[in-house]
Amino acid sequence: MKRLTIPTLLAVALLSGCSSTEKVIPDVPPSDLYSTAQQALQSGNWNNAIERLEAMDSRYPFGAYSDQVQLDLIYAYYKNDDLALAQATIARFLRLNPTHPQADWVIYMRGLTHMAQDRSFMHDMFNVDRFDRDPTPSRQAFSDFKYLLERFPDSQYDADAKARMVFLKNQLAEYDLAVADFYVRREAWIAAINRCQQVQRLYPDTSAARKSLLLEKTAYQKLKLDKEVSRTEAMIKLNPVK
């Protein structure tokens, strides 16, 4: 028998609804069920809201509340840190409603959800620098916000998306700088130079790009490449670390 993968199980759960909610949510008219879900959302009771919204999504998948229920689920999953479910619901919604009036908000939420995947409660609490972690969620978030700006240039979420892109760009630059520093400490000079040049090429207006020149100079010195050392020193003078 073919085994179901986790993504497959997740998709099945989303399409069929959460069976556990059928046991605990009373069979009431959709208007009443949606009203109680809205009350839970407004009070920040995310688990309660999710239970009722999932029940509606399962019982009335093509009803009058269908689109709004999915939009509410995206928000509730995000607030409850159910990020995989939020991403799956976003993908489902955009697949079924590519021209929906709130498609810009859904794409914006996709970016926020990707950003949240790069978040840790303990690291937030103690302000731990984690630029050495996997940058994939940040890259995906940057791509989401860029797509939002390109597709919906007049969206009300554009200003916030631009601000988040600046933050993400600096975060990604710092990640690449940390990798370059790692290579320097390992005396992998060519790899360090290549990563420094990547920082300068992709993120030229960041502090990390200026700092990378110092690492690049060190690598050139170790390789005894005097011409490149002089060129890098000139670049450092033009772009001093602030």
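Considering only residues of the range 115-135 that are open to solvent by less than 60 Å² (accessible area, probe 1.4 Å) and either at pLDDT 55 or above or among the β-branched types (Val, Ile, Thr) (or both), which is farthest from ALA103 (Cα to Cα)? Step through it out loud before you land on a result.
Quick first cut of the range 115-135, residues open to solvent by less than 60 Å² (accessible area, probe 1.4 Å) only: 115-116, 118, 120, 123, 133, 135.
This time we only want the ones that are either at pLDDT 55 or above or among the β-branched types (Val, Ile, Thr) (or both), so: 115-116, 118, 133, 135.
Working: MET115: 19, ALA116: 20, ASP118: 24, ARG133: 31, PRO135: 26 Å.
By that ranking, first place goes to ARG133.
Grab the helices (runs of 4 or more DSSP H) fully contained in the range 1-59, keeping just those with 3 or more residues being modelled with pLDDT under 85 and open to solvent by 70 Å² or more (accessible area, probe 1.4 Å). I'd like the intermediate steps shown before the answer.
On the way: elements: 6-16, 19-24, 30-42, 46-59.
Result: 6-16, 19-24.
Determine the pairs where a residue that is under 27 Å from ASN45 (Cβ atoms), located within the range 78-100, has a partner that is at pLDDT below 95 and open to solvent by 70 Å² or more (accessible area, probe 1.4 Å) with Cβ atoms under 6 Å apart, the partner being 6 or more residues away or on another chain.
LEU83/GLN117
Given the options TYR175, TYR147, name the one that is open to solvent by 50 Å² or more (accessible area, probe 1.4 Å), touching a residue at least 24 places away in the same chain (Cβ under 8 Å) and under 30 Å from HIS114 (Cα atoms).
Values: TYR175 fails: open to solvent by 50 Å² or more (accessible area, probe 1.4 Å).
The conditions single out TYR147.
State all residues of the range 173-217 that are within 29 Å of the chain's Cα centre (by Cα), closer than 19 Å to ARG133 by Cα and of a type in the set (Lys, Arg); if no residue qualifies, say none.
Within the range 173-217, ARG195 is the sole residue that qualifies.
Quick check on my filter: what residues within the range 61-79 are open to solvent by less than 70 Å² (accessible area, probe 1.4 Å) and among the hydroxyl-bearing types (Ser, Thr, Tyr)?
Those that are open to solvent by less than 70 Å² (accessible area, probe 1.4 Å) and among the hydroxyl-bearing types (Ser, Thr, Tyr): SER66, TYR77, TYR78.
Just for the range 191-205: of the residues that are touching a residue at least 12 places away in the same chain (Cβ under 8 Å) and open to solvent by 40 Å² or more (accessible area, probe 1.4 Å), which one is farthest from SER138 (Cα to Cα)?
If we filter the range 191-205 for residues that are touching a residue at least 12 places away in the same chain (Cβ under 8 Å), which is where we start, we get 192-193, 195-200, 202-203.
Now drop any that are not open to solvent by 40 Å² or more (accessible area, probe 1.4 Å), which leaves 195, 197-198, 200, 202.
Values: ARG195: 18, GLN197: 20, GLN198: 17, GLN200: 18, LEU202: 15 Å.
For the range 191-205, the residue satisfying everything is GLN197.
Run down SER212, SER138 and say which single residue is modelled with pLDDT under 95 and of a type in the set (Gly, Ala, Ser).
Sole residue among the options that is modelled with pLDDT under 95 and of a type in the set (Gly, Ala, Ser): SER138.
Any residue in the range 216-229 that's of a type in the set (A, V, I, L, M, F, W, C): show its pairings with residues that are in a loop (DSSP other than H, G, I, E, B) and crowded, with 18+ Cβ neighbours inside 10 Å at Cβ separation under 8 Å, as long as the two are six or more apart or on different chains.
Close Cβ pairs (under 8 Å, with a partner that is in a loop (DSSP other than H, G, I, E, B) and crowded, with 18+ Cβ neighbours inside 10 Å) do not exist here.
The values are calculated or read from the model by the stated rules, or taken from the named source; none is laboratory data. Please read all numbers here as calculations on a predicted model, not as lab measurements. As a convention, Cβ positions derive from the backbone with ideal geometry for all residues, glycine included, and neighbour counts pool all protein chains shown. We work out accessible area using only protein heavy atoms, side chains counted, and drop any ligands, DNA or RNA first. Shrake-Rupley method; radii C 1.70, N 1.55, O 1.52, S 1.80 Å.
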